[in-house]
Amino acid sequence: MKYMTSCAVMALLAAANVAQAQDGYFAGKTVDVVVPFGQGGATYVSAKFLEPFFEKHLPGNPEVSVIDRPGGGSILGANWFQQNAKDDGTTLLFTTSSTTTPFVLGQNGVEYKLSDYRVAYSHPFSSVAYVSSDISVNSAAEIKNANEQLRYGGISAAASDLPSLLSFEVLDLDVNSILGFNGRGPVRLAFEQGELNLDYQFTPVYLTQVVPSVEAGSAVPLWTGGSMEGGVLKARDSIAPELPSVYEVYEDMNGTPPSGVEWDAFQAIASITYAYGLTAYAHPDTPQEVLDLYAAAVEAINADPEFQKASQEVTNGARLNAGPETEQAIKAALSPSQEVKDYLHTLLTEKFGVRF
Amino acid sequence: MFEHAMSALSDLFEPMRLLVLFGGMLVGMVFGMLPGLGGVAAVSILLPFIYYLDDYSGLAMLLGAVSIVYTSDTITSVLLGAPGSPASAPTAIEGYALAKKGRAARALGVGFLASMVGGLVGATVLFVAIPVAGPIVLLLSTPELFMFAVVGLVFASSMIGENLAKGLAAACLGLFLGAVGPAQAAADFRFTFGQVYLLDGFSLTIVALGMFGVAEVITMLSVGGGISGEAMKVAGWKDGFRDFWVNKWLVIRSAIIGVFGGFVPAVGASASTWVAYGHAIRSTKDKSQFGKGEIRGIAAAEGANNATVISDLVPTVLFSVPGGPAAAIFLGALFSFGYYPGPRMITEHPDLMFLMVWSVALTSVVGAAICFAISPALAKLTRIPFGIIAAPLILIMVIGAYQSTSTMGDIFMLFALGALGWVMKHADWPRAPALVGFVLAKPMEQYFWLTNQIHGWSWVTRPGVLIIASVIIIPLVLGGIRKYRARKDAVPVADANAEKAMGGGHNHSVGLFMAVLASFAFVYGAWEMMGFNPASRLFPSLAIGPGIGLSLWLVYRGLREYRPDLGRDASELTILAALIFYGVAVWAIGITVPTALLLAWMLLIRAKMRLWTGLIYGTVIFVFIQVLFGLLRGDAPIGALFNIG
């Protein structure tokens, strides 16, 4: 009860603040960006990368402070956010599919109500599939002619590897998925050592680690997860515009566009993993005015030449997203149909031995 | 190459950069000495500051901190017997035993010098990393990594101690603790009791702090106002230098073990330290002094842990795969400065690579010198009654533990494992094999599973695997031949019993309790295990199967030898209860009031300080603890029932 009252008071205060000083709403405030992973991880580094730009472009130039809360495969940090987030837009949960997938699957221990949250901003986290040049596959179309059993390495089926595994289902590939690695770094080492021959890596790692192997002739890039176009995950990704999306690869192979529950499941999970891979969530009661401020800041950041230069280096020029359309797409992906949920449960239980 | 090395050296010798390098070093030194806080805490506390510096200075500051932690932690381990960081647990066992015999200077001297050599070996490896280490890292595929873990476990068997049943049961218990959390082989969460906290398994820091640190502090508090024995003297470094020189090859071999530990991604310094310690035991003819103050144990452990943290940087800069937890943060810092480590790093930024080499080399030497200089002064602190030192120590451990996830679970787990450590200590169950089992459980299972999936059984004949296996087999064969020639009866494998030297002493009631507790745990584990996928059942069953048999046997023996002697340790038991009560109180009403009360109880009642001095000292500690919480950006626990403070 006490909690409810204090919430109501805070909401009132927040609303008063918004009305009072719209242009300098964040003046003198600190925006806590909670990252439910350890320092030095990809999410933490991305949050740090965005930090100065939000400090510069949010009205009132708040101090942005990135806080790491690792544990429970990101569930602990997200649960903490559920209990402690302020509803004035000064606490954000900046996270990846490691948080969204357990929510969508309804796993034990998830206390956060992700689909109720508001979306402050989002950044794509593109991913590129590539194979070893030893298996005589030169393009996506030849993937089924590999002269070796395809071996993919991952961490765990029910977390960040899910979209990759679903893409194999969509494309109907016979892949031996070896799960149980420590992280994507060790997976890449095993790929370089020749123990694995099919891998997915996210943008910055792809650009700095895989591209040199491609240039040296030891790796062949095949496709990307794709990016959203009119609500379908079919467009090419700006990280590697020369590569087709999974959607296109399917079309090439089968002559028809992908459909059915496999595709729906892939699109739901892959869009929150890739297209909206890094998303900053806010408390459900955050006033719309504050979210509009974030959307305006995102627009200003995207137009900032400094940001453009930095993002060209790190992500091949990816842009931030915000606003109603982005929020809608994320919320849709967070609440897939019962059919998709059932499919995911059956697949994970029967093929990967996951228990719910 | 040479001109890059020289230009990097002159870059580093700019006054501002040297200043921040040594600034980072001092922070690392302090955090190395604080039990439970180590490289990770030091680097994360420095991280916000590096953004005010230029790239070379910022990175030098972090390297200064990283490369000193495993030198200065020797001081705490030797003087107080609580490991300054998990990787110096062997030093705590041997060094503290030596210190109690009045030979602290010897232990510290060897520890510092071995750390320095370890650091320099690490720096050399980083230097040659440029052409050589890359291919070596690539040669270490999953089968080779699995063999490394097996070698570690075989070496660890040297630590079983005099009582075979208890030693093996302790090792099984450690492996069992290591199985808690996500199974690598299939999507099972094992033994988590539905607690999100346990989804990641136990944190190494908390296990090491609980089992060794808390148990020692309880003894310190029970001694209370008194000083056990005479004050520790740190004088006469000569013996230390001589011991170091005698054991120089052991130090170098251990440093090389440490380097390989660093190459393996995500295996920290603890694993390689124990492996090096096991190597020291195996390569020493007279094993009777291990656990009672064997200088070779210190030389090996300290040589290895420093080499590991530095060679952790090799996979970090060559492949962007952090070799250990502190290296992971360093990698993040590299990203923030716009460096993307990878195959191109060496050709694109040779100066930066050499700057790193020089930073760690310089810190290793200067840091060891400073440790030599400050140790005599720090040793005087041990003349202060133990109770007075224990009070801040226990709170620092709480903060150290709280760094893992910043939830109450960390604090509960610290005291729960502390209770386990205390019980094991008094039940005469050796804790070293338990910790080794815990450290090696995860990599062993993971690499076994990955290897078998990728290679089937063909991995057994890989050249790398055979070479590593020869490390186990050749000494066994040679030993067998020697024994055969000597025609002696079998030499007992039993080497050392760390616990006796650490002032444990067997309490029969506690012994029986421990055996019953372990039996329950193992039987429960066996029952829950039935519900797992077969792949995730295999590994825990290797620990639980023998564990049940051993612990039931120990129950039987405990019943036969039972004597009602619980009262002997009643005073320590009260302290344990008080600490657990403190944990519960923090959960219920927040950290402020329970901490103040615990401090008052420890200082005024246990340490028998005078009211005013006690109050002033207590206030200073209290403020210090609050500041430390603030610096580490952890919000202190808030009461779950109602919050005061």
TODO: Along Cα→Cβ, 7 Å out, is where each label goes; now give me the distance between the ones at residue A:296 and residue B:373 in nm to one decimal.
DONE: 5.6 nm
Open item on the list: Please list, ordered by chain and number, the residues whose modelled amide H lies under 5 Å from the amide H of residue A:228; skip anything fewer than 5 residues away on the same chain.
Closed with: none
- [ ] Please give every one of the lysines within straight-line cross-link reach of residue B:100, meaning a C-alpha to C-alpha distance under 17 Å, and leave out same-chain neighbours fewer than 8 residues apart.
- [x] B:233, B:292, B:380, B:500
- [ ] Determine, at each q value in 0.15 (inverse angstroms), the log₁₀ of I(q)/I(0) that the Debye formula gives when each Cα of segment B:585-645 is one equal point scatterer.
- [x] -0.49
Open item on the list: Between residue B:612 and residue B:380, how high is the FRET efficiency from 1/(1 + (r/R0)^6) when r is the Cβ-Cβ distance and R₀ = 25 Å? Nearest 0.05.
Closed with: 0.60
TODO: Pop the C-beta distance of residue A:261 and residue B:530 into the FRET formula with R0 = 30 Å and round what comes out to the nearest 0.05.
DONE: 0.35
Task: Number of partner chain Cβ atoms within 10 Å, mean per residue of A:69-81 - done: 5
TODO: Determine by what factor the alpha-carbon radius of gyration of segment B:2-560 differs from 2.2 N^0.38 Å, reporting the quotient.
DONE: 0.93
Task: In Hz, Karplus ³J(HN,Hα) per residue of segment B:195-208 (6.51, -1.76, 1.60; θ = phi - 60°; x = Gly, Pro) - done: 8, 4, 4, 8, 4, 8, x, 7, 7, 4, 4, 5, 4, 5
Task: Peptide A:183-192, shielding by other chains (average Cβ, 10 Å cutoff) - done: 5
TODO: Please determine, in degrees from 0 to 90 and to the nearest 10, the orientation of helix A:338-352 with respect to the longest principal axis defined by the Cα atoms of chain A, where the helix direction is its Cα long axis.
DONE: 50 degrees
TODO: About the Cα centre of chain A, how large is the charge dipole given +1 on each Lys and Arg Cβ and -1 on each Asp and Glu Cβ? Please answer in debye to the nearest 20.
DONE: 840 debye
Task: C-alpha long axis of helix A:260-270 to longest principal axis of chain A, angle in ° - done: 50 degrees
Task: Check: segment A:127-272 dipole with +1 on Lys, Arg Cβ and -1 on Asp, Glu Cβ, in debye - done: 320 debye
- [ ] Hey, for a label at residue A:111 modelled as a point 7 Å past Cα toward Cβ, could you say which residues of segment B:607-637 have their backbone N under 18 Å away?
- [x] B:635-637
Open item on the list: Once the cut-off is 16 Å, how many percent of the Cα-Cα pairs in segment B:1-80 end up in the long-distance tail?
Closed with: 51 percent
- [ ] Note down the relative contact order for segment A:127-272 as a percent, whole number, built from C-alpha pairs under 8 angstrom at least six residues apart.
- [x] 30 percent
TODO: Compare the peptides B:354-367, B:567-580, A:98-111 by average per-residue count of other Cβ atoms within 10 angstrom and give them in order, highest first.
DONE: B:354-367, A:98-111, B:567-580
- [ ] Please give the length that would be gained between residue B:478 and residue B:138 if that part of the chain were fully extended, namely 0.36 nm times their separation in residues minus their C-alpha to C-alpha distance (nm, one decimal).
- [x] 119.3 nm
Task: Radius 11 Å from Cβ of residue B:20, net charge of other residues (Lys, Arg +1; Asp, Glu -1) - done: -1
Task: Farthest toward positive dipole pole in the protein assembly as shown [+1 Lys/Arg, -1 Asp/Glu at C-beta], among B:151, A:96, B:477 - done: B:477
TODO: Grab the alpha carbons of segment B:285-357, take their convex hull, and tell me the volume per residue in Å³.
DONE: 115 Å³
TODO: Give the relative contact order (percent, whole number) for segment B:2-560; include only Cα pairs under 8 Å separated by 6+ residues.
DONE: 26 percent
Task: Alpha-carbon centroid distance for the pair segment B:566-612 / segment B:86-118, whole angstrom - done: 30 Å
- [ ] Working from Cα positions, state the angle (0 to 90°, nearest 10) between the long axis of helix A:42-57 and the longest principal axis of chain A.
- [x] 40 degrees
TODO: Highest first, please rank the peptides A:196-204, B:199-207, A:306-314 by the mean number of other Cβ atoms sitting within 10 Å of their residues.
DONE: A:196-204, B:199-207, A:306-314
Task: Nearest-0.05 FRET efficiency for residue A:83 and residue A:218, computed from C-beta distance (R0 41 Å) - done: 0.30
TODO: Would you work out which of A:307, B:374, B:345 lies farthest towards the positive end of the dipole of the protein assembly as shown? Charges go on Cβ: Lys and Arg +1, Asp and Glu -1.
DONE: B:374
Open item on the list: Test of understanding: what is the full-extension gain from residue A:355 to residue A:319, defined as 0.36 nm times their sequence separation minus their Cα-Cα distance?
Closed with: 9.2 nm
Open item on the list: Using 0.36 nm times the number of residues separating residue B:6 and residue B:600, minus their current alpha carbon distance, what extension gain do you get?
Closed with: 208.2 nm
TODO: Return the average number of partner chain Cβ atoms within 10 angstrom of each residue Cβ along peptide A:169-182.
DONE: 3
Open item on the list: I'd like the projected area of the protein assembly as shown, averaged over all directions, using the convex hull of its alpha carbons. Report it in nm² with one decimal.
Closed with: 40.5 nm²
Open item on the list: Between residue B:283 and residue A:55, what is the label-point separation in nm under the 7 Å Cα-to-beta-carbon projection?
Closed with: 5.0 nm
TODO: Could you tell me, in Å, what Rg and Dmax come out for the Cα atoms of chain A?
DONE: 20.6, 68
Open item on the list: Counting only Cα atoms, I'd like the Rg/Rh figure for segment B:352-419, Kirkwood definition for Rh.
Closed with: 1.18
Task: Stokes-Einstein D (µm²/s) once Rh is taken as the Kirkwood radius of segment A:127-272 over alpha-carbon pairs, at 10 °C in 1.306 mPa s - done: 105 µm²/s
Task: For segment B:384-424, convex hull of alpha carbons as volume per residue, Å³ - done: 67 Å³
Task: Links that overshoot a 30 Å alpha carbon limit, given the list B:248/B:287; A:144/B:442; B:238/B:608; A:86/A:351 - done: A:144/B:442; B:238/B:608; A:86/A:351
Task: Test item: Cα-centred dipole of segment B:345-483, Lys/Arg +1 and Asp/Glu -1 on Cβ, debye - done: 620 debye
- [ ] Which order do the peptides B:73-84, B:313-324, B:17-28 take when ranked by the mean count of other beta-carbon atoms within 10 Å per residue, highest first?
- [x] B:73-84, B:313-324, B:17-28
TODO: Quick one: check the C-alpha center-to-center distance for segment A:328-356 versus segment A:152-209, whole angstrom.
DONE: 20 Å
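All of the numbers you see were taken from the coordinates with simple rules; none came from a lab. As the structure is a computational prediction, the values presented were derived from the model and not from experiment. As a convention, Cβ positions derive from the backbone with ideal geometry for all residues, glycine included, and neighbour counts pool all protein chains shown.
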